[in-house]
Amino acid sequence: MGAPVNHRRMKSPPPKQPRHMERVAAMGCIICGGPAEVHHVRTGNQGRDDARVVPLCPFHHRDSRMGFHGLGSERAFYNEWGVSLSVVAERLAAESRELGIMR
């Protein structure tokens with residue numbers, strides 16, 4: 001038999017756009033303005049893209065009923081909060097490109 005499987009959560013790789021992600025998190029939650037963490041916006045089967053992030057506080061990001069991960073989809077989040085995460089992520093990425101933070 002091989003080595004035992006380690007079921008602990010694996011560490012995420014270092015971000016590819018750390019300055020952009022720091023800038024986005026520093027903006028505060030796009031819903032309530034509170035201290036934010038970054039949420040990766042994905043479409044279809046797309047993987048994580050550090051350029052497509054939005055700032056959400058822990059409640060609006062991870063709450064089991066009202067946060068993005070509790071609601072389960074961008075459409076459900078939009079229906080609840082009236083914000084298109086894809087539109088915001090694209091706008092923030094464009095701003096970071098204009099500022100020279102990203103290519």
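Assess whether E98 counts as being out of contact with any helix residue (DSSP H, G or I) (no Cβ under 7 Å at 6 or more places or on another chain), free of Cβ contacts under 8 Å to residues at least 40 places away in the same chain, surrounded by fewer than 13 Cβ atoms within 10 Å (Cβ to Cβ) and among the acidic types (D, E). Spelling it out, E98 is indeed out of contact with any helix residue (DSSP H, G or I) (no Cβ under 7 Å at 6 or more places or on another chain), free of Cβ contacts under 8 Å to residues at least 40 places away in the same chain, surrounded by fewer than 13 Cβ atoms within 10 Å (Cβ to Cβ) and among the acidic types (D, E). Quick one: in region 52-86, which of the residues that are more than 22 Å from K16 (Cβ to Cβ) and of a type in the set (A, V, I, L, M) is surrounded by the most Cβ atoms within 10 Å (Cβ to Cβ)? Per the stated criteria, the residue is L71.
Scan region 41-94 for residues that are assigned to a helix (DSSP H, G or I), among the basic types (K, R) and either in contact (Cβ under 8 Å) with a residue 40 or more places away in the chain or under 21 Å from A26 (Cβ atoms) (or both) and jot them down.
First, pick out the residues of region 41-94 that are assigned to a helix (DSSP H, G or I): 58-62, 68-71, 74-81, 85-94.
The next check asks that each one be among the basic types (K, R); those that pass are 62, 75, 91.
Across region 41-94, the qualifying residues are R62, R91.
Bear in mind these aren't lab numbers, they're just calculated from the coordinates by the rules spelled out. Keep in mind it's a predicted model, so treat the numbers as computed, not measured. Cβ atoms come from the backbone with ideal geometry, glycine included; neighbour counts cover every protein chain shown.
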